[in-house]
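Colleague: Quick one: structure below, then a few questions.
The values are calculated or read from the model by the stated rules, or taken from the named source; none is laboratory data. These numbers were taken from a predicted model, which means no experiment stands behind them. Cβ: placed from backbone, ideal geometry, glycine included. Neighbour counts: every protein chain shown. In case anyone asks, the SASA skips ligands and DNA or RNA and just uses the protein heavy atoms, side chains included. Shrake-Rupley method; radii C 1.70, N 1.55, O 1.52, S 1.80 Å.
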Amino acid sequence: MRSFPIIKFVLLFIFGIVIQNYFNINFPILFIITTFVLSVSLVILILNKSGSHQFLTNIIFSIAVISFGALLLALNVKQTKQIPTEKDWIKGVKIYGTISEIELPRKNEFRFTIETDSIFIHSRSKTQLKTKLLCRFLSVEKRERDSIYKMLMSGNIISLTGNFNKGKERRNPGEFNYRKYLNQNGLAGTISVLNSSDILILKDESKVFSNIINEIRQKIFNQISKLHNGKTSGLLKGLILADRNDIDFETKTEFVNAGVIHVLAVSGLHVGFIAVIFVVMFGRFHIIIRYILTIFGLILFLLITGAPPSVFRATIMAVLYLIAVLTNRSNNPFNILAIAALVLLLINPSDLFQPGFQLSFAAVLSILVIYPIINSLITSTKLPGWIQGILLFMGVSLAAQIGTLPLTNYYFGKLSLIALFSNLLVIPIIGFLVANGILTLFISVFTMNIGAVFADASHLLSYLLFYSVKLSSSLPISFIRINSFTIYDSIIIYFSLILLIVVIKRFYNSLLKLISILIIVFNAYIFIQFDDKPLLLKERLSLVMIDVGQGDAFLIKFPNEKVWLIDAGNSTEYFDSGERVIAPLLNYLNVDEIDCAVVSHMDSDHSGGFKYLFDKIKINSLIKPDPDSTKNHDILFEDFARSKSIKINYYRDTIINIDGTQVYILNNTSDSYYSLLSNNNKSGIIKIVYGKNSFLFTGDAEKESEDYLLRNYKNFLQSDVLKVGHHGSTSSSSHDFIYNVKPKISLISAGVNNRFNHPSPKIIERLEAIKSDILRTDVEGAIILQSDGHNISKIDWKNKN
């Protein structure tokens, strides 16, 4: 450690940030401790000139650095003040404040950050509040969006009126917590503005430097859009501007599965390409001028990308390295990496907990530590030089993957098995794309026609890139899922990696080295099992009411591990519940196959999400209402299911035995009265009985259907759990039906602040009157119930993740 003095300081500083993050020490106490320790440190340094009390000095100094790290995080977090309201969503909030940052435009919106001065909620008296909000301008008209975007500048003092949202919390197991993300970035929430008339510039002030940079970014953004097709444009914006908003969700997933998602995040790889471009470009200049110009070029690239942590880290390292070479000073990469981390954390200590920061530094550190071992192993072989070159190239990728493995498992839940080979092809293509993209932009300034020719080359390169990634990600062996991977598991893996490196470097006896490695690997495997507790226990009947917004979706896992899915939420142009909610949940729960998909009825808020699931997940059979030949979407739905080899069955009054669990379908389609019912009233009525526990599902069945059920199944309807009909609408859950079923637990699936005002207060009162425990997705998010055949328990999944 004597060779790396800055590393000691940075590690202690980081330790202080971690302590404050987990223990949240009171700010005044922390300030007093830090001030006292720093004062004592200063006194000791002054009095202890002889160095006779070096140990005590080191202890006090270490405490001072730790306290300073904790204090800095406390100051940073303290700045995020919340809007004074208990509601998650409020209409008609008026904000006065200053624009601090403007993002590049997106497909149907643009965003900017506003530092608030005062807030009006429901036209009440003004509340003075200094905080930050993310503003989303969502006008349908592109011309209106473009007009407002050109008008606004960083530093403008404005007033705006819109709908405030604290941000979506985790609504289902394994989901991203957007509210937490906003708060970690100093944002109290979002405010959505729909009309240009709701934004008014009060004072036309501006931040000159920020606006110059933003204008450069906008011009590059627009030029890329003009010269390239949609997919290539989105890719180059990500590679050059660090703006990945035009890269679609499916493409990002393919890059994750292929193990090359890192190339879409501008990082050291891209900064390295840029540095090489500048060095070659300024090759005719004297070395001092060449390096100085390269440094300025790298700083300009940093500003153009918006300075994300990975680019900041890589730029600082590159600049420090070039300065060290110019001044003939030590360019130790470990010290340079530590300085880069320190600079970033001094600016924003919360970056330590961002995936981008962690992955970036873990990758570089692991290359510095592990690659020399791989290099010595490869160069010691008698392989031909060209083969060694390929293996060494792959070795860099392998070293980075080993170092980031615990983090990628934790954040993505996937382990790529083909990443080494994918990177072998993808990284060179990315290098050519970046170089050609910059060259295209430069040429297009003088002539768009020749620029378009170079843009065609980028189209070809991007086609090769997307094709190879798609092919790699679609292979059955491309990746394996690793769910429920925790921080604890990450710590165990990193500790084991450190031990393995020590053993490989320090042990010379081959047998002793092999035995030690096996012991470390075995112990790591054992220890990471300790916190593996599946959310859905075996030999239990588990019910998950999935939060799909205003719609229905219920996952049933039977004691014999068979899985049914009753409904799959909605699918619109902007959001598909099957793709964005249910499929990720199934992956998280390690559900690879659905034995039976059940469509209660063909309304889109119940059936829409199935199309994606039919295409992406193995589904063995489907139960649905009889087809309606007058409705084209019903016919297309069945045709698509059959094209995926899914066996279709229709509702009939029958009993299905699933290894001791009885599933009763209470739709007597042969009854002449049944044929007269509406689509809602023809919803599948399903009762599941496991041991002494029972669950009743009614889809969107209304009073007519409930009356029919009371006439034909009255003595059989009583159930422990009722899925309340039609999202709690007054058209369902009649007095007689509720008092006959007498549910101990009532499940209501409804969207937060939905436009139908579901569930109705009248239905809530009716359920409360029979002392039923009401569980709602709009209030709690997903609900998980488990039965052992005797008792039904609610699982607190939010505190298990």
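Colleague: Assuming 0.36 nm per residue, please report the length gained on full extension of the stretch LEU636 to ALA435 beyond their Cα-Cα distance.
Modeller: Residue separation times 0.36 nm, minus the Cα-Cα distance, leaves 67.7 nm.
Colleague: Would you please name the trypsin sites (Lys or Arg not before Pro) within segment 216-300 that are DSSP coil residues with at most 14 other C-beta atoms within 10 Å of their C-beta?
Modeller: Passing sites in segment 216-300 are ARG284.
Colleague: May I pose another question? Which residues does a label at LYS219 reach in segment 445-469, if reach means a backbone N under 14 Å from a point 7 Å past the Cα toward the Cβ?
Modeller: Within reach of a label on LYS219: 445-447.
Colleague: Now for a different question. Can you tell which of ILE480, VAL544, ASN348 lies farthest toward the positive end of the dipole of the chain, using +1 and -1 charges on the Cβ of basic and acidic side chains (Lys, Arg; Asp, Glu)?
Modeller: The residue sitting most towards the positive pole is ASN348.
Colleague: Give the accessible surface of segment 270-343 per residue, rounded to a whole number of Å², with probe radius 1.4 Å and ligands, DNA and RNA excluded.
Modeller: 49 Å²
Colleague: Under a 1.4 Å probe, what is the accessible area of segment 147-268 per residue, stated in Å²?
Modeller: Details: 5200 Å² over 122 residues.
Accessible area per residue, segment 147-268: 43 Å².
Colleague: Compute the distribution of all C-alpha to C-alpha distances in segment 475-594, in bins of 10 Å from 0, and list the percent of pairs in each, rounded to whole numbers.
Modeller: Taking all Cα pairs of segment 475-594, the binned fractions are 11, 28, 25, 18, 12, 6, 1 percent.
Colleague: Ignoring ligands, DNA and RNA, how do ASP707, ASP243 rank by accessible area with a 1.4 Å probe, largest first?
Modeller: ASP707, ASP243
Colleague: May I have the convex hull volume per residue, in Å³, for the Cα set of segment 641-776?
Modeller: Taking only Cα atoms, segment 641-776 has a hull volume of 138 Å³ per residue.
Colleague: Find the Rg to Rh ratio for the chain, where Rh is the Kirkwood radius over alpha-carbon pairs and Rg uses the same atoms.
Modeller: Radius of gyration over Kirkwood radius for the chain works out to 1.00.
Colleague: Additional query: So what is the 222 nm mean residue ellipticity for the chain from helices alone, if each DSSP H run of at least 4 adds -39500 (n - 2.57) and you divide by all residues, rounding to the nearest 500 deg cm²/dmol?
Modeller: After summing the helix terms and dividing by residue count, I get -16000 deg cm²/dmol.
Colleague: Suppose every Lys and Arg Cβ carries +1 and every Asp and Glu Cβ carries -1, with no other charges. What dipole size does the chain come out with about its Cα centre, to the nearest 20 debye?
Modeller: 2340 debye
Colleague: Calculate I(q)/I(0) for segment 687-729 by the Debye formula, one identical point scatterer on each C-alpha and no solvent, and give its log10 at q = 0.21, 0.27, 0.30 Å⁻¹ to two decimals.
Modeller: Debye intensities relative to I(0), on a log10 scale: -0.70, -1.02, -1.13.
Colleague: Quick one: angle between helix 287-304 and the longest Cα principal axis of the chain, in degrees between 0 and 90, rounded to 10, please.
Modeller: Once rounded, the angle reads 20 degrees.
Colleague: Enumerate by residue number the trypsin sites (Lys or Arg not before Pro) in segment 717-757 meeting two conditions: DSSP loop (anything except H, G, I, E, B), and at most 13 other Cβ atoms within 10 Å of the site's Cβ. It would help to have the intermediate numbers written out before the result.
Modeller: Working: sites: LYS723, LYS744, ARG755; in loops: LYS744, ARG755.
Sparse-neighbourhood loop trypsin sites (Lys or Arg not before Pro): ARG755.
Colleague: Against the 2.2 N^0.38 Å scaling, with N counting residues, where does segment 232-364 land? I'd like the Cα-based Rg ratio to two decimal places.
Modeller: It is 1.11.
Colleague: A follow-up question, please. Treating the angle as unsigned and between 0 and 90°, give the value, to the nearest 10°, between the Cα long axis of helix 208-227 and the longest Cα principal axis of the chain.
Modeller: So the helix axis and the longest Cα principal axis differ by about 70 degrees.
Colleague: OK, next. With a Cα-only, solvent-free Debye model of segment 105-163, what are the log10 I(q)/I(0) values at q = 0.15, 0.22, 0.26 Å⁻¹?
Modeller: Computed log10 I(q)/I(0) values: -0.51, -0.96, -1.16.
Colleague: Taking the alpha-carbon distance from LYS237 and a cut-off under 18 Å, which aspartates and glutamates remain once sequence neighbours fewer than 8 residues away in the same chain are dropped?
Modeller: By straight Cα distance, LYS237 reaches GLU103, GLU109, GLU215, ASP246, ASP248, GLU250, ASP456.
Colleague: Based on the Cα atoms of segment 120-193, what semi-axes does the equivalent ellipsoid have, where each is the square root of 5 times one gyration tensor eigenvalue, given in whole Å with the largest first?
Modeller: 24, 18, 13
Colleague: Moving to a separate point now. Report the charge-dipole magnitude of segment 677-801 in Debye, nearest 20, computed about the Cα centre from +1 at each Lys and Arg Cβ and -1 at each Asp and Glu Cβ.
Modeller: 160 debye
Colleague: What is the Cα centroid distance between segment 271-299 and segment 157-207, reported in whole angstrom?
Modeller: 40 Å
Colleague: Sticking with this one: Ordering ILE247, ILE277, ILE288 from largest to smallest accessible area (1.4 angstrom probe), what's the sequence?
Modeller: Solvent-accessible surface, decreasing: ILE288, ILE277, ILE247.
Colleague: Per-residue accessible area for GLU103 at 1.4 Å probe radius, Å² rounded to 10?
Modeller: 50 Å²
Colleague: Cβ under 11 Å from LYS794's Cβ, LYS794 left aside: what net charge do those residues give with Lys, Arg +1 and Asp, Glu -1?
Modeller: -3
Colleague: Oh, and also: Based on DSSP loop calls and a cut-off of at most 14 other Cβ atoms within 10 Å, the longest stretch of the chain free of exposed chymotrypsin sites (Phe, Trp or Tyr not before Pro) is what?
Modeller: 1-175
Colleague: So, with a 1.4 angstrom probe, what is the percent of accessible area on segment 526-577 that is carbon and sulfur?
Modeller: 55 percent
Colleague: How large is the accessible surface of MET151 in square angstrom, using a 1.4 angstrom probe and rounding to the nearest 10?
Modeller: 80 Å²
Colleague: I'd like the trypsin sites (Lys or Arg not before Pro) in segment 380-471 restricted to DSSP loop residues with at most 15 other Cβ atoms within 10 Å, sorted by number. Don't skip to the end; give the middle numbers.
Modeller: Values: sites: LYS382, LYS414, LYS470; in loops: LYS382.
Those that pass, being in a loop and sparsely packed, are LYS382.
Colleague: Taking each pair of distinct Cα atoms in segment 127-255 once, what is the resulting Kirkwood hydrodynamic radius in Å?
Modeller: About 17.2 Å for segment 127-255.
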